[in-house]
Amino acid sequence: MKIIKTKFEDAYLLEPKVFGDQRGFFMESYNKETFDSLGIDMDFIQDNHSLSQTPGTLRGMHYQLAPKAQTKLIRATKGSIYDVIVDIRKGSPTYGQWQGFILTAENKRQLLVPKGFAHGFCTLAENTEVQYKVDELYSPKHDCGIAWDDPELSIDWPVTEAVLSDKDTKHPTLANAENNFEIGVTSK
Ligand SMILES: Cc1cn([C@H]2C[C@H](O)[C@@H](COP(=O)(O)OP(=O)(O)O[C@H]3O[C@H](C)C(=O)[C@H](O)[C@H]3O)O2)c(=O)[nH]c1=O
């Protein structure tokens with residue numbers, strides 16, 4: 001497992017070891033001992049899987065409030081995505097900053113998203129499937145979002161016409177989000 005640093009201290013790109021042969025490939029997409037040895041010692045308790053049929057489908061920018069904030073380990077198992085995280089931890093030196101990553105079924109790269117980040121992606125290919133692990137269960141009442149097209153964040157999405165859920169058309173900007181994630185704050 002190769003770790004690639006990002007602009008954020010505790011968010012990482014991970015490249016698993018891939019064993020290729022004449023049949024195809026094998027890899028351990030997750031191994032708790034390996035992750036613990038790298039100091040990534042969270043207990044994932046839920047696996048998620050989404051399919052987005054149309055290129056330019058954009059899901060985000062989502063986060064869950066404390067105490068249900070989620071660490072996420074994301075990968076594309078079919079197609080490709082432009083995966084984006086935004087630091088929304090008030091007081092963080094990188095608050096309001098974002099970074100994007102290309103995750104594809106071919107590059108097999110995974111992104112570790114720490115608690116306190118908003119997360120979203122747009123798909124770059126048809127029938128893109130994303131699978132990810134989280135260390136807190138889904139909690140609708142803690143589920144929040146910020147606008148994917150927040151002008152202050154100005155995320156440089158590689159799409160012009162995004163395909164969005166109705167919910168994702170209605171999120172506040174980060175500046176207006178009442179429930180900004182704060183390290184240790186309890187949900188309202
Ligand atoms: C996230 C989630 C959703 N659901 C239900 C709720 C809705 O009835 C349906 C679709 O949910 P939603 O439209 O929120 O799905 P996405 O837009 O893919 O949301 C995800 O997309 C971005 C990229 C994320 O980072 C989050 O993990 C997650 O918010 O699945 C569940 O039952 N369990 C869950 O964990």
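The values are calculated or read from the model by the stated rules, or taken from the named source; none is laboratory data. Note that the structure is a prediction, hence the values are computed from the model and not measured. Quick note on the areas: whole protein, heavy atoms, side chains included, nothing else; ligands and nucleic acids left out. Shrake-Rupley method; radii C 1.70, N 1.55, O 1.52, S 1.80 Å.
The residues of the chain expose on average 52 square angstrom of accessible surface per residue, using a 1.4 Å probe on protein heavy atoms.
When the accessible area of the chain is split by element with a 1.4 Å probe, what percent falls to carbon and sulfur?
49
GNM, the chain, Cα, under 10 Å: largest mean-square fluctuation among HIS62, HIS171, HIS49? It is HIS49. A probe of 1.4 angstrom, applied to the heavy atoms of all protein chains, finds GLU28 with accessible area near 100 square angstrom. The accessible-area ordering, largest first, of the residues MET1, MET61, MET42 stands as MET1, MET42, MET61, per a 1.4 angstrom probe. When the helices in the chain are scored as -39500 (n - 2.57) per DSSP H run of 4 or longer and the sum is shared across all residues, what 222 nm value do you end up with, to the nearest 500 deg cm²/dmol? Here the helix-only value at 222 nm equals -500 deg cm²/dmol.
Measuring how big the stretch 1-69 is from its alpha-carbon positions, Rg and Dmax come out at 15.7, 47 Å. The H on the amide N of THR128, modeled in the peptide plane, is under 5 Å from the matching H of SER52, each at least 5 residues off or on a different chain.
Would you mind estimating how fast the stretch 1-143 diffuses translationally, via Stokes-Einstein at 37 °C and 0.692 mPa s with the Kirkwood radius over Cα pairs, in µm²/s? Please list the in-between numbers first.
Values: Rh = 15.6 Å.
Translational diffusion coefficient: 210 µm²/s.
Out of ASP168, ASP135, ASP41, any idea which swings most in a Gaussian network model of the chain, alpha carbons joined below 10 Å? Among ASP168, ASP135, ASP41, the largest GNM mean-square fluctuation belongs to ASP41. The phi-based Karplus calculation (6.51 cos²θ - 1.76 cosθ + 1.60; θ = phi - 60°) puts the 3J(HN,Hα) values of the stretch 132-148 at 8, 9, 10, 9, 9, 5, 4, 9, x, 6, 9, 7, 10, x, 10, 5, 5 Hz, whole numbers, x for Gly and Pro.
For the chain, modelled as a GNM with alpha-carbon contacts under 10 angstrom, which of ILE74, ILE102, ILE40 fluctuates the most? Among ILE74, ILE102, ILE40, the largest mean-square fluctuation in the Gaussian network model of the chain belongs to ILE40. Here the Karplus relation 6.51 cos²θ - 1.76 cosθ + 1.60, evaluated at θ = phi - 60°, turns the backbone of the stretch 104-112 into coupling constants of 9, 4, 7, 7, 6, 6, 10, 10, 9 Hz, with x for every Gly and Pro.
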